[in-house]
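Undergrad: Quick one: structure below, then a few questions.
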Amino acid sequence: MTKKVGLLTTNFFHPTQDRIIMGGAERYQVDLCRLLRKLGYHVEVWQIGDNWTKEFDGVKIHGVKTSMNEYNTFPELSMAFYENSVSFDYAIYFILSLAYPVAREKSLAISHGVYWDWPGFDVKTGRHQDHQEWLRRMNIALTGPEKLVSVDTNTISYFNSTLSNFYHKWEYVPNYVNTDLFCPIDDNQEEKDKIRILFPRRLVPVRGVNETMRAAEILTSRYPWIEFHFCGRGHDDNTEKLMSQWVSTQENCYYDWKPFELMPQVYQQADIVLIPSRSTEGTSLAALEAMACGKPVIAGLTGGLCDLVLQGYNGYLLKPTVKNLVAAIEELAKDKAKRKTMGQRGREIALSFNKKIWDERWSKLITDVFC
Amino acid sequence: MPKLTAMMIVRNEADRYLIRCLQHLERFCDEIIILDDSSTDNTPELCLSFPQVKLYRRKESLFLKDEAQLRQELWNYTVNNSPEWILTLDADEFLEKKAATELPPLLKQTYFQAISFRLFDCWGSEKYYRVDGLWNPWLRGFSIYLVKYQPHLQGTWPKLKFHCGRLPLSYRRLPHLEGHLRIKHLGWANPEDINKKYQRAITQDPEFRYMSKEHYDSILWPPEKIKLEKW
């Protein structure tokens, strides 16, 4: 008989609208569900919603009516999932904190990176007793699942130094890239007259969009041969409107987000790729895709980006201030040979993050736990 | 590459944007299914001058009587021509030029069976689009224009005489990929059309059931009240 896996997340669909914006986490979820189905499991998903059931990519998704978010945990949602998925054999908690207060016996939980390094997190757990309460709940969340999967080493290091009794549970399964789809193109043709800087991220402050816009203003006014391409969705429609208006006031700045299928070409046309996150990063899919396309990456010194970029080897790791960004971009923009060398090294690193390796690692974990 | 079929209803489009629209569609569509709603000009002949076009003709016009029935007939003709992906555009709507190269990858993706776009209403010229109130393309959301044909889904329309939607209801409920290509709508681009279209809109919806009175009134606003952005 087919074994059943329930997956719990917070927001795949927008809780109240028929809207999905496919970012990295959504793609990860769909790819994981596809892998589970390929391995012969029946999969259904639960998330926050208004008691609806929808379907995506052949998987049923159930919306659970809850609004409670305490100390960055979702106890009502988690308990509703526990009861509703009783007929399911196994569970996957797509976010670590969803395994609080209770987790299914045969289950896994995933961390997509540290999200509590964002200074604004202090608003939620800033007071000492609130922080302790969040940590107490995380301790419970980590206790339940049989294995804890992290996309980066940063999360594992954080917990090993904070809640050290879960050392044996952690599994490092870094994010992935399809290195056949994302590959370099031969750009040894004629000299290009413009250097293209790409920002392939959501237009949100933690991704460093504000610093990048300011750096773009400085560099495009200093060098007419530098152009900036912003390629990502806003957090809401108004942000996209504002970005469109802003680029229309700038020389050599462009905004034109693309769906995933067109992203290989976007990376291939770039000369330097910026991943200038301030915080809240795992092993960024965008960074991996840029590296797989043979591009040097200027990355924020945060989260799992340090697992991907080696300082001065395949790009730069820096605190993404305007000053630091301007200096790093300026240097690389003027040094074609360095860009090429760093890009080649990036490609080599990306090969070890191939999607096939991710499939194999996850398959082994699933087989080990779901037995 | 998956087959792409465009479907369209036309009526007396010869002096408007029809030729440009068909020239634009033939760049990336394999087949164009057109239902002529009893044109009295040479619209049918123009349609037939394009080899990809399959033309069906109504003897009696339905557009102002029962749009849902008209849409249903077009859908039935379209699905009888073995479509894979179906694009629904009007004869005054244009996808951006890059659609010829950037639409095919969307048809090959396997996450979504429906793709939505933002529509930009060009106003008074083809160079500017309107952004005030409900005209704002950035804030009014995406609509589905492109779907993968799925025989198991019902291909029926709600019983509405007007504003009944371009696709069967079941397709409009599909999770959709928000497409990056913009649709340029030229229906309001010619200043001479604006008053005529206003009259038609309020005749069809005298009790303001589909749109607010304020929105209809905004059609006739003086230029200084209208906000535009460059295309």
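No value in this document is a laboratory result; all are computed from the given coordinates. No experiment lies behind these values; they were computed from the predicted model shown. As a convention, Cβ positions derive from the backbone with ideal geometry for all residues, glycine included, and neighbour counts pool all protein chains shown.
Undergrad: Please state the charge dipole magnitude for chain B, taken about the Cα centre, from unit charges on C-beta atoms (+1 on K and R, -1 on D and E), reported in debye and rounded to the nearest 20. Could the numbers behind the result be given before it?
TA: Working: 34 positive and 31 negative charges, 104 e Å.
For chain B, the charge dipole is close to 500 debye.
Undergrad: Another question, then. Taking a spot 7 Å from the Cα of B:ARG173 along the direction of its beta carbon, which residues of the stretch A:41-70 have an amide N less than 17 Å from it?
TA: Output list for this probe position: A:50-63.
Undergrad: Tell me which aspartates and glutamates have Cα within less than 17 Å of B:LYS196's Cα, excluding those fewer than 8 residues away on the same chain?
TA: The qualifying aspartates and glutamates are B:GLU13, B:ASP15, B:ASP92, B:ASP121, B:ASP205, B:ASP217.
Undergrad: For a quick check of your reading of the filter: which trypsin sites (Lys or Arg not before Pro) in the stretch B:64-157 sit in a DSSP loop and have no more than 16 other Cβ atoms within 10 Å?
TA: Here the sparse-neighbourhood loop sites are B:LYS65, B:LYS97, B:LYS98, B:LYS127, B:ARG140.
Undergrad: Still on this structure: Nearest 10 degrees is fine. How inclined is helix B:67-79 to the longest principal axis of chain B, computing both from alpha carbons?
TA: Tilt of helix B:67-79: around 30 degrees.
Undergrad: Summarise the partner chain shielding of B:105-115 as one whole number: the mean count of Cβ atoms from other chains within 10 Å of each residue's Cβ.
TA: Other-chain Cβ atoms within 10 Å of each residue's Cβ, averaged: 4.
Undergrad: Based on the mean of other beta carbon atoms within 10 Å per residue, what is the order of A:133-139, A:255-261, most packed first? Present the calculation step by step, with values, prior to reporting the outcome.
TA: Working: A:133-139: 16.9, A:255-261: 18.4.
Order by mean packing, descending: A:255-261, A:133-139.
Undergrad: For the stretch B:127-142, take each phi angle, set θ = phi - 60°, evaluate the Karplus expression 6.51 cos²θ - 1.76 cosθ + 1.60, and give the result in whole Hz per residue in order, putting x for glycine and proline.
TA: Computed from phi, the couplings for the stretch B:127-142 are 8, 10, 10, 8, 10, 8, x, 6, 7, 5, x, 6, 10, 8, x, 9 Hz.
Undergrad: According to the square roots a ≥ b ≥ c of the eigenvalues of the Cα gyration tensor, what is the shape class of the stretch B:146-231, taking rounded for a/c under 1.5, prolate for a/b larger than b/c otherwise, and oblate for the remainder?
TA: oblate
Undergrad: Counting other Cβ atoms within 10 Å, which trypsin sites (Lys or Arg not before Pro) in the stretch A:314-371 have at most 16 and lie in a DSSP loop?
TA: On the way: sites: A:LYS323, A:LYS334, A:LYS336, A:LYS338, A:ARG339, A:LYS340, A:ARG345, A:ARG347, A:LYS355, A:LYS356, A:ARG361, A:LYS364; in loops: A:LYS334.
Counting only loop positions with at most 16 other Cβ atoms within 10 Å, the trypsin sites (Lys or Arg not before Pro) in the stretch A:314-371 are A:LYS334.
Undergrad: For A:HIS14 and A:ARG222, compute 0.36 nm times the residue count separating them, minus their Cα-Cα distance, and round to one decimal in nm. Before the final figure, lay out the partial values.
TA: Values: separation 208, 0.36 × 208 = 74.88 nm, distance 4.20 nm.
This chain segment gains 70.7 nm when fully extended.
Undergrad: To the nearest whole percent, what portion of all C-alpha pairs in the stretch A:195-351 is separated by more than 18 angstrom?
TA: It works out to 53 percent of all Cα pairs.
Undergrad: I've got another one for you. Taking R0 as 30 Å, what's the FRET efficiency between B:LEU134 and A:GLN250 from their Cβ-Cβ distance, rounded to 0.05?
TA: The formula returns an efficiency of 0.55 here.
Undergrad: Distance between Cα centroids, the stretch B:58-99 to the stretch A:1-20: provide it in whole Å.
TA: Their Cα centres are 34 Å away from one another.
Undergrad: Compute the Cα gyration tensor for the stretch A:179-221, then decide on rounded, prolate or oblate, letting a ≥ b ≥ c be the square roots of its eigenvalues: rounded whenever a/c is under 1.5, prolate when a/b is larger than b/c in the other cases, and oblate in all that remain.
TA: It is oblate, given that a/c is not under 1.5 and a/b is not larger than b/c.
Undergrad: What GluC sites (Glu not before Pro) in the stretch A:1-71 are in a loop by DSSP, with at most 11 other Cβ atoms within 10 Å of the Cβ?
TA: Loop-located and lightly packed - none at all.
Undergrad: How far apart, in nanometres, would the label points at A:LYS334 and A:ASP130 be if each is projected 7 angstrom from Cα along the Cα-to-Cβ direction?
TA: 4.6 nm
Undergrad: Using a ≥ b ≥ c from the Cα gyration tensor of chain B (square roots of the eigenvalues), is it rounded, prolate or oblate, where a/c under 1.5 gives rounded and otherwise the larger of a/b and b/c decides, a/b for prolate?
TA: rounded
Undergrad: Output the direction-averaged projected area (hull surface divided by four) of the convex hull of the alpha-carbon atoms of the stretch A:1-137, in nm².
TA: With every direction weighted equally, the projected area is 8.6 nm².
Undergrad: Report, please, the projected area of the protein assembly as shown averaged over directions, based on the convex hull of its C-alpha atoms, in nm².
TA: So the mean shadow area of the Cα hull is 30.1 nm².
Undergrad: First measure r as the distance between the Cβ atoms of A:GLU348 and A:HIS235, then evaluate 1/(1 + (r/R0)^6) with R0 = 35 Å and state the FRET efficiency to the nearest 0.05.
TA: Computed FRET efficiency for A:GLU348 and A:HIS235: 0.55.
Undergrad: Find how much the distance from B:LEU160 to B:ASP15 grows on full extension, using 0.36 nm per residue of separation minus their present alpha carbon separation; answer in nm with one decimal.
TA: 49.3 nm
Undergrad: How many partner chain Cβ atoms sit within 10 Å of a residue's Cβ in peptide A:255-267, on average, as a whole number?
TA: 4
Undergrad: For B:GLU224 and B:GLU60, what is the calculated FRET efficiency with R₀ set at 45 Å and r taken between the beta-carbons, to the nearest 0.05?
TA: That pair, B:GLU224 with B:GLU60, gives E of 0.55.
Undergrad: Quick one: net charge around A:CYS371, please, counting Lys, Arg +1 and Asp, Glu -1 for every other residue with C-beta under 15 Å from its C-beta.
TA: +2
Undergrad: Under 17 Å between alpha carbons, and skipping anything fewer than 8 positions from B:LYS148 in its own chain: which lysines qualify?
TA: Output for B:LYS148: B:LYS3, B:LYS108.
Undergrad: If you take the charge dipole of the protein assembly as shown about its Cα centre, with +1 on Lys and Arg Cβ and -1 on Asp and Glu Cβ, which of B:GLY187, B:LEU220, A:GLN269 is farthest toward its positive end?
TA: A:GLN269
Undergrad: Follow-up. Can you pull the mean other chain C-beta count within 10 Å for peptide A:243-254?
TA: Averaged over the peptide's residues, the number is 1.
Undergrad: By how many nm would the segment from A:TRP116 to A:TRP52 lengthen if fully extended, with 0.36 nm per residue of separation less the alpha-carbon distance?
TA: 20.0 nm
Undergrad: Relative to the longest principal axis of chain B, what angle (0 to 90°, nearest 10) does the C-alpha long axis of helix B:99-108 take?
TA: Between the helix axis and the principal axis of chain B, the angle is about 50 degrees.
Undergrad: Also, I was wondering about something else. Starting from the Cα of A:CYS183, step 7 Å along the direction of its Cβ; do the same at A:ALA327; then give the gap between the two resulting points in nm.
TA: Reported label-point gap for A:CYS183 and A:ALA327 is 3.9 nm.
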